[in-house]
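Novice: Below are the structure tokens for one structure; questions will follow.
FYI, it's all coordinate maths here, none of it is from the lab. Just so you know, these numbers come straight off a predicted model, no measurement behind them. Cβ sites come from the backbone with ideal geometry, for glycine too, and all protein chains shown count toward neighbours.
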Amino acid sequence: MSHPLSRRRFLSATGALGAGAFLSACGGGSASPDSEPAGADTPASDTYDGPNVELEFWNGFTGGDGPFMQDLVDTFNSEHDNIAVKMTVMEWADYYSKLPAAVSSGRGPDVGIMHIDSLPTNAARGVIMPLDDVAAALNLQASDFADAVWSAGEYDGQRYGIPLDVHPLGFYYNKTVMEEAGLDPDNPPMDRDSYEAALEQLKSAGIKGHWMSPHPFTGSMTLQSLIWQFGGSLFNDDGTEVTWHEDPGVQALTWMVDAIHNDYSPTDVGQDADAIALQNGQAAFNWNGIWHINSLKEVSGLEWGVAPLPNIGGTQAAWAGSHNFVLTKPRRPDENKLNAARVFVNWVSKQSLAWAEGGQVPARTSVRESEDFQALTEQAAFAEQVEYLHFPPAVPGISDAFADFDQALNEAVLLTKEPAQALEQAAQRAAKKLEENRDKYSG
């Protein structure tokens with residue numbers, strides 16, 4: 001995204017991890033009466049030999065990433081005479097609200113994008129269709145992608161997403177501020193002892209080094225990362241129980257609150273104020289998403305760097321989201337469109353270096369390990385975390401619980417409740433929602 005507000009609008013619509021709302025894709029188109037299906041097993045992964053088709057492609061890339069995706073679509077269209085992809089972009093919130101009705105009325109898109117945490121909910125509601133046959137037709141294997149993101153695209157034993165990228169949280173640091181405090185600007189602190197020592201040195205220089213956000217963006221992402229780093233989890237493995245209130249969660253949230261008590265962070269940090277403080281030289285450190293890279297590149301004269309998240313809790317871990325290609329259940333299946341969509345999805349996946357330039361880590365291993373991607377210094381630093389990124393369990397409605405998680409974060413960081421109390425009360429509320437969702441989605 002080109003500006004923190006673009007990501008904030010996304011998060012306000014989807015929750016800290018994305019609400020289990022709708023953002024998807026495929027086609028409401030019906031088969032043309034005079035066209036012959038090309039056959040599901042006929043096209044190779046990179047060719048489509050059927051009649052001319054037009055694919056509707058919806059997404060919410062309204063920020064700086066949008067032009068990069070449009071360039072990919074334009075290039076694809078120029079190379080494929082019999083496939084015309086039309087991209088429609090809208091705010092994620094509008095996308096979520098419009099998609100269900102569009103799909104049910106047969107006017108939905110043919111291809112679309114969905115955040116990975118929304119896949120199970122949409123699968124359970126019958127909005128999106130399984131993609132095991134698509135993955136097989138494209139000869140996609142688990143080894144083609146980062147393990148965490150490939151596994152997270154499955155629900156109830158079937159695949160519902162083809163991963164395009166991962167967008168992790170990472171560590172930004174202001175080199176000028178570090179140098180002013182006597183810190184080495186080329187060696188940011190990467191473990192708890194050195195990080196806290198750096199914060200203390202910054203404090204001695206009159207600088208509040210790391211502003212702790214009480215908001216879902218970026219506070220919730222920070223807290224989730226810390227819980228995993230301290231050896232904990234947000235839920236049990238099958239997503240039926242809340243576990244964020246256990247000891248690792250309390251340690252993680254206490255570490256954030258202690259930054260305020262120790263005067264390393266101001267109180268009542270506003271939305272996006274942590275990112276702005278880094279840009280303006282008021283803070284040295286900021287944990288933020290990969291989408292923030294291009295924002296900082298636009299700030300004239302700013303000396304900054306990025307690195308994987310420091311390991312505060314003893315276990316390497318980081319929050320991440322992911323954009324996935326999805327197909328929705330059409331009212332009348334059209335094999336030609338399905339085959340053309342396969343070609344489009346596979347082509348973009350292979351060409352996703354251009355997408356990485358927009359501020360993402362390619363999910364596809366071959367692209368991520370290429371020399372061209374490694375030359376994207378900042379994105380490559382974020383990609384170092386790919387083997388220990390975390391996603392929520394594949395459970396319908398799991399995101400409903402995050403409203404309570406975010407409330408606990410807010411209460412503790414704003415110093416209105418102790419961390420243990422805030423997390424315990426939030427867990428009790430969230431547990432009821434998980435139980436309600438089991439009944440809601442069981443049929």
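Novice: Can you name the residue in the stretch 399-443 that is in contact (Cβ under 8 Å) with a residue 40 or more places away in the chain and of a type in the set (Ser, Thr, Tyr) and is also surrounded by the fewest Cβ atoms within 10 Å (Cβ to Cβ) among such residues?
Specialist: Tyr441
Novice: Of the residues that make up the stretch 339-351, is at least one crowded, with 23+ Cβ neighbours inside 10 Å, more than 19 Å from Asn174 (Cβ to Cβ), touching a Pro at 6+ places or on another chain (Cβ under 6 Å) and of a type outside the set (Ser, Thr, Tyr)?
Specialist: Yes, that holds for at least one residue.
Novice: Another question, then. Looking for something in a loop (DSSP other than H, G, I, E, B), over 20 Å from the mean Cα position of the chain (by Cα) and of a type in the set (Lys, Arg) - is there at least one such residue anywhere in the stretch 410-426?
Specialist: Checking the stretch 410-426: at least one residue is in a loop (DSSP other than H, G, I, E, B), over 20 Å from the mean Cα position of the chain (by Cα) and of a type in the set (Lys, Arg).
Novice: While we're looking at this one, here's another question. State which residue pairs qualify: first residue over 15 Å from Asp156 (Cβ atoms) and inside the stretch 112-136, second residue part of a strand (DSSP E or B) and charged (D, E, K, R) in any location, beta carbons under 7 Å apart, and separation of 6 or more residues or different chains.
Specialist: Ala135/Arg159
Novice: Could you say which residue among Gly232, Gly182, Gly219, Gly209 is in contact with a helix residue (DSSP H, G or I) (Cβ under 7 Å, 6 or more places away or on another chain) and surrounded by fewer than 21 Cβ atoms within 10 Å (Cβ to Cβ)? Walk me through how you get there before you give the answer.
Specialist: Values: Gly232 fails: surrounded by fewer than 21 Cβ atoms within 10 Å (Cβ to Cβ); Gly219 fails: surrounded by fewer than 21 Cβ atoms within 10 Å (Cβ to Cβ); Gly209 fails: surrounded by fewer than 21 Cβ atoms within 10 Å (Cβ to Cβ).
None of the other options fit; the residue is Gly182.
Novice: Hey, another quick one. Could we say that Gln251 is surrounded by fewer than 23 Cβ atoms within 10 Å (Cβ to Cβ) and over 30 Å from Ser104 (Cα atoms) here? Talk me through it step by step, then tell me what you get.
Specialist: Working: surrounded by fewer than 23 Cβ atoms within 10 Å (Cβ to Cβ): yes; over 30 Å from Ser104 (Cα atoms): yes.
In short, yes.
Novice: If you don't mind, there's one more thing I want to ask. When you check Lys203 against the structure, is it surrounded by 15 or more Cβ atoms within 10 Å (Cβ to Cβ) and under 17 Å from Asn288 (Cβ atoms), yes or no?
Specialist: No.
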